[in-house]
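Undergrad: Okay, handing you the structure first.
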């Protein structure tokens with residue numbers, strides 16, 4: 001058997017069925033061993049590096065919650081100075097990326113550092129016990145957006161963080177799902193072939209926070225795409241003419257199929273009006289992207 | 001050695017330039033903005049060969065410094081006041097990871113109200129972040145202490161970050177003569193940084209910044225505590241070597257006109273004014289001495305006690321204070337006196353906050369008050385000088401009576 | 001008690017979580033029915049630990065009458081680490097993995 | 001120790017003037033210090049800058065309350081600011097003006113005047129409305145207060161003036177010749 005590069009070791013303390021290691025493992029397999037990882041505070045950082053143990057087989061740095069992009073900027077500058085070349089990949093959850101770490105990320109992208117930033121998007125602050133983030137979807141239950149009698153879950157839609165990064169003019173921005181492994185690997189490959197700041201937002205079903213059976217992680221990552229809740233796309237240089245949906249389901253499934261296994265949406269599934277609100281959000285978002293895709297493909301932009 | 005007339009910020013920038021940092025990450029803030037400006041100019045003109053990261057905040061500036069230092073580079077940054085406060089979280093992380101980052105601070109007051117002028121509250125607020133802290137009295141010291149700080153920070157017996165404070169405007173924007181050493185001399189004093197514990201190298205993959213559980217956390221903190229204690233010896237060595245290399249003498253504590261019954265203790269730029277005062281007062285027959293504190297962290301308690309031997313009143317004059325307590329410098333002086341049996345009375349004078357000028361008249365008042373304390377006519381305590389106390393009380397009373 | 005302490009809490013032991021046998025977390029245990037396994041390695045791809053190994057093609061019997069499959073690496077579950085999440089069983093396209101009650 | 005206070009308006013170069021003076025002094029072997037009054041004034045507002053020169057090290061760091069000399073870069077400041085405040089008895093007063101001592105109403109001090117504005121404008125430094133007079137006034141100053149040599153001042157100007165180095169040096173030289181010491 002030829003030795004295959006395994007960037008991470010087992011024995012870490014992620015929840016059984018956690019999707020974050022799947023993202024990390026396949027991003028790093030694609031990048032290869034000549035890679036340095038910078039990790040924001042979050043589940044991934046905590047379960048993978050409980051001293052004196054580390055899951056990582058590549059050089060790895062964690063500084064704080066909100067500054068992975070800034071720390072990665074420093075790593076990049078230092079490597080440049082020291083005449084060394086390696087891929088620099090930052091991992092952050094939605095909190096460390098879209099919320100508290102957003103300023104540092106925006107700065108890193110604006111300055112043009114040669115870093116691939118991968119956001120593992122589990123749609124809430126899972127490390128601290130499922131609090132809402134700006135990436136938490138409309139009406140989802142979290143401990144700080146409870147499904148109350150008056151207010152049924154989070155009242156705001158999911159923040160379109162990848163779009164915002166694309167609007168910076170970042171050389172490459174994409175979304176990904178572990179259920180579409182070939183697509184994910186190709187996007188990582190593309191990203192790493194481009195110099196400058198790259199951003200990939202990967203949906204990461206969280207068994208604990210989304211409250212589903214741990215065996216369903218990949219299935220939910222697939223349903224997120226097939227219901228068009230989390231479309232897969234890519235774009236270069238913030239140029240809408242380069243926008244492409246990288247997967248268009250032959251048949252768009254109702255969002256209910258994605259929501260049903262998740263107890264964070266239990267109150268939604270019991271209330272047709274709420275379900276309709278989510279479906280409407282999904283439909284509008286998807287329509288917009290589909291139109292953009294078609295216009296871009298047909299060079300009508 | 002070339003004598004130049006430089007403002008304090010330029011002197012600090014020269015210190016950084018001569019240290020040849022691989023990476024500089026900075027965010028501008030008054031009064032230290034001229035430091036990254038000057039460094040940017042030198043880099044833009046090809047005079048200096050460093051990577052400059054102009055971040056979107058001080059928090060990110062220090063974070064980038066941590067990233068670069070963890071990669072194995074020598075790094076530099078500069079900030080002040082609110083910027084340093086914004087870095088607070090990362091200050092702990094830099095020292096916890098034992099990264100020898102050096103930073104210049106234009107010592108400036110903290111908001112509110114917003115104030116761009118000098119005091120030491122910014123660095124005092126970061127006292128316990130695990131950074132070595134030095135205070136410059138002059139622009140020359142600002143340059144020299146940056147080189148000394150690197151020497152100590154990168155010493156394998158220490159491996160701790162260091163900040164060098166230079167007083168806002170009083171130094172940062174004041175021009176005076178500075179001996180700028182030759183690059184070759186500095187290269188001999190401060191060889192290239194070779195990381196031994198912290199690097200990011202795919203050939204030797206290590207993990208930096210893990211989770212430390214109760215099983216291990218305390219050991220890491222003890223290690224930092226001991227490293228800071230060890231730094232006391234290393235600082236003296238580095239200062240002595242600096243003296244041999246450049247002909248300028250440095251010490252963590254600098255006594256002046258010793259043997260007086262009343263000893264003034266100060267830090268930073270007011271130390272020169274204090275010496276001028278002491279010299280004059282001595283001529284008028286007053287029994288007064290002065291000690292300048294250059295190294296505040298680590299603090300040289302036993303050495304200070306030696307310098308205070310025979311004193312009857314120790315007057316700590318400082319540009320910082322502690323709400324509901326005595327000033328931070330006075331706290332350490334008090335511990336030194338208690339620990340090493342100095343029986344003198346301790347008085348704490350708060351002066352010069354938010355850029356209020358520290359004058360010879362202030363020191364006269366310090367002396368007069370100290371003499372009353374010596375004679376038992378006044379209780380020692382915390383004295384705020386040159387402040388309109390009645391006006392403050394009047395304003396408060398308006399609220400109480402509303 | 002002897003403690004491992006490094007300067008700056010650096011962990012110079014890459015992959016050292018392998019010392020932790022997380023197999024003890026398991027309540028359900030995946031069992032591969034090799035007679036059904038088509039060696040597509042999807043289970044290996046999706047195992048989040050990763051606790052599924054690729055092993056020598058000859059180590060396990062391949063489904064009868066499929067010589068091409070028999071040349072592919074076989075998969076094997078590393079029960080030292082498998083937490084029993086069941087993703088492998090869920091994703092197996094031929095239902096060759098069964099989750100059974102863990103007996104300890 | 002000799003202490004000087006400069007009065008100008010934001011944009012006239014009082015602060016740069018004090019700095020150049022300190023540099024010039026250093027060429028003559030003096031120790032020197034120059035610093036602005038650390039305000040938040042913007043263009044046009046009255047500004048103050050200070051310089052100290054001394055044969056020995058300068059240790060004092062407080063502002064200058066009792067200067068040996070005051071230098072007024074803008075004659076309109078005479079109505080706005082008490083430029084003589086704290087000036088030592090028999091101290092030096094140098095004013096950029098065409099007025100005579102009796103018109104200025106200043107007595108009890110050593111007085112000198114120079115039309116630095118006209119000199120600056122002749123050398124293309126600023127505009128008639130907003131002349132940049134700092135180097136011209138320094139030329140007058142080194143003649144009036146005989147401590148720093150003209151050559152040292154010209155060298156400092158040529159090395160450190162932010163722009164128009166030669167014009168600034170010429171202006172200083174001309175003012176050196178034109179200053180009227182009353």
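Undergrad: Spin-label point model (7 Å from Cα, Cβ direction): what's the residue B:312 to residue A:189 distance in nm?
TA: 8.7 nm
Undergrad: For every helix of n ≥ 4 consecutive DSSP H residues, a contribution of -39,500 (n - 2.57) applies; sum these over chain D, divide by its total residues, and give [θ] at 222 nm rounded to the nearest 500 deg cm²/dmol.
TA: -10000 deg cm²/dmol
Undergrad: Take D:157, C:42 and order them by how many other Cβ atoms sit within 10 Å, fewest up front.
TA: Result, fewest neighbours first: C:42, D:157.
Undergrad: Something else: Tell me whether the range D:130-180 comes out rounded, prolate or oblate; compute the Cα gyration tensor, take square roots of the eigenvalues as a ≥ b ≥ c, and use a/c under 1.5 as the rounded threshold.
TA: Oblate, because a/c is 1.5 or more while a/b does not exceed b/c.
Undergrad: Along its three principal axes, how long is the range D:1-140 when you only count alpha carbons? Whole Å, largest extent first please.
TA: Taking max minus min along each principal axis of the Cα atoms, the range D:1-140 gives 40, 32, 30 Å.
Undergrad: If the chain between residue B:179 and residue B:194 were fully stretched, how many nm would it gain, using 0.36 nm times the residue separation less the Cα-Cα distance?
TA: 2.6 nm
Undergrad: Calculate the translational D of the range A:143-215 in whole µm² s⁻¹ from Stokes-Einstein, where the hydrodynamic radius comes from the Kirkwood formula applied to all Cα pairs, the temperature is 25 °C and the viscosity 0.890 mPa s.
TA: This corresponds to a translational diffusion coefficient of 165 µm²/s.
Undergrad: For chain B, compute Rg over Rh where Rg is the Cα radius of gyration and Rh is the Kirkwood radius from the inverse mean 1/r over Cα pairs.
TA: Answer for chain B: 0.98.
Undergrad: Right, next: Per DSSP H run of at least 4 residues, take -39500 (n - 2.57); add these up for chain A, divide by its residues and hand me the 222 nm value, nearest 500 deg cm²/dmol.
TA: -11000 deg cm²/dmol
Undergrad: Among D:120-126, C:93-99, D:167-173, B:146-152, how do they line up from the highest to the lowest mean number of other beta-carbon atoms within 10 Å?
TA: For the peptides D:120-126, C:93-99, D:167-173, B:146-152, the packing ranking is B:146-152, D:167-173, D:120-126, C:93-99.
Undergrad: Between the range A:70-89 and the range B:177-256, how many Å separate their Cα centres?
TA: The range A:70-89 and the range B:177-256 have Cα centres separated by 23 Å.
Undergrad: Rg/Rh for the range C:31-101 to two decimals, with Rh computed the Kirkwood way over all alpha-carbon pairs.
TA: Across the range C:31-101, the Cα-based Rg/Rh ratio is 0.94.
Undergrad: Measure nothing but the geometry: give the 0 to 90° angle between the long axis through the Cα atoms of B:217-246 and the longest principal axis through the Cα atoms of chain B, rounded to 10°.
TA: 80 degrees
Undergrad: Please work out the Cα center distance from the range B:296-318 to the range B:57-119, rounded to the nearest Å.
TA: After rounding, the separation between the Cα centres reads 28 Å.
Undergrad: Same structure, new question: For chain A, what number results from the quotient of the Cα radius of gyration and 2.2 N^0.38 Å?
TA: Cα-based Rg divided by the globular estimate yields 0.97.
Undergrad: Let me ask something else about it. Beyond 19 Å, how much of the Cα-Cα pair distribution for the range A:90-185 remains, as a whole percent?
TA: 46 percent
Undergrad: Over what distance in Å are the Cα centres of the range C:1-54 and the range A:223-246 separated?
TA: 33 Å
Undergrad: Still on this structure, I have one more. Using only atoms on other chains, find how many Cβ atoms lie within 10 Å of each Cβ of peptide A:13-23 and report the average.
TA: The per-residue average across the peptide is 5.
Undergrad: What FRET efficiency do you get for residue A:260 and residue C:54 if R0 is 41 Å and r is their Cβ-Cβ distance, rounded to the nearest 0.05?
TA: For R0 = 41 Å, the calculated efficiency reads 0.75.
Undergrad: Would you list the P(r) distribution for the range B:152-194, with all Cα-Cα distances sorted into 10 Å bins from 0 and each bin expressed as a whole %?
TA: Per 10 Å bin, starting at 0, the Cα pair percentages come out as 20, 33, 37, 9.
Undergrad: Here's another thing I want to ask about it. What full-extension length gain, to one decimal in nm, is calculated for residue B:54 and residue B:368 as 0.36 nm per residue of separation minus the Cα-Cα distance?
TA: Value of the extension gain: 108.1 nm.
Undergrad: May I pose another question? Rg and Dmax of the range B:1-137, using alpha carbons, in Å: what are they?
TA: According to the Cα coordinates of the range B:1-137, Rg and Dmax are 14.2, 43 Å.
Undergrad: Using only Cα atoms, what is the ratio of the radius of gyration of the range B:97-136 to 2.2 N^0.38 Å?
TA: So the range B:97-136 has a normalised radius of gyration of 1.29.
Undergrad: Okay, moving on. Rule-of-thumb check for the protein assembly as shown: C-alpha Rg over 2.2 N^0.38 Å?
TA: Computed over Cα atoms of the protein assembly as shown, the ratio equals 1.14.
Undergrad: Could you give the Stokes-Einstein D for the range A:47-101 in µm² per second, using the C-alpha Kirkwood radius, 37 °C, 0.692 mPa s?
TA: 263 µm²/s
Undergrad: How far apart, in nanometres, would the label points at residue C:24 and residue B:187 be if each is projected 7 angstrom from Cα along the Cα-to-Cβ direction?
TA: My value for the distance between the label points is 5.7 nm.
Undergrad: Would you order B:62, D:153, B:353 from fewest to most other beta-carbon atoms within 10 Å of each residue's own beta-carbon?
TA: Arranged by neighbour count, lowest to highest, B:62, D:153, B:353 become B:353, D:153, B:62.
Undergrad: Summarise the partner chain shielding of B:189-201 as one whole number: the mean count of Cβ atoms from other chains within 10 Å of each residue's Cβ.
TA: 3
Undergrad: From the P(r) of the range B:253-389, could you give the percentage of C-alpha pairs in the tail past 18 Å?
TA: Of all Cα-Cα pairs in the range B:253-389, 49 percent lie more than 18 Å apart.
Undergrad: In degrees, nearest 10, range 0 to 90: what is the angle between the Cα axis of helix B:139-153 and the longest Cα principal axis of chain B?
TA: It is inclined by approximately 60 degrees.
Undergrad: Once both labels are modelled 7 Å past Cα along the beta-carbon direction, what's the residue D:66-residue A:143 spacing in nm?
TA: Label-label distance for residue D:66 and residue A:143, simple model: 6.8 nm.
Undergrad: What Kirkwood hydrodynamic radius, in Å, does the range D:1-63 give when the mean of 1/r is taken over all pairs of distinct Cα atoms and then inverted?
TA: 11.9 Å
Undergrad: Would you calculate, for chain B, the mean residue ellipticity at 222 nm contributed by helices, counting each DSSP H stretch of 4 or more residues as -39,500 (n - 2.57) and dividing by all residues, to the nearest 500?
TA: -13500 deg cm²/dmol
Undergrad: Let's test the formula: R0 of 41 Å, r as the Cβ-Cβ distance of residue B:339 and residue B:393. What FRET efficiency results, to the nearest 0.05?
TA: 0.65
Undergrad: Follow-up. Calculate, in nm to one decimal, what residue B:237 and residue B:156 gain on full extension: separation in residues at 0.36 nm each, minus their alpha carbon distance.
TA: Extra length available between residue B:237 and residue B:156 comes to 27.8 nm.
Undergrad: Given R₀ = 41 Å, FRET efficiency for residue C:66-residue A:276 by Cβ-Cβ distance, to 0.05?
TA: 0.25
Undergrad: Compute the helix-to-body angle for A:181-193: its Cα long axis versus the longest principal axis of chain A, expressed 0 to 90° and rounded to tens.
TA: The answer is roughly 40 degrees.
Just so you know, all these numbers are worked out from the coordinates, no wet-lab data involved. Remember, predicted model here, so these are calculated numbers, not experimental data. Here Cβ is always computed from backbone atoms with ideal geometry, including for glycine, and neighbour counts include all displayed protein chains.
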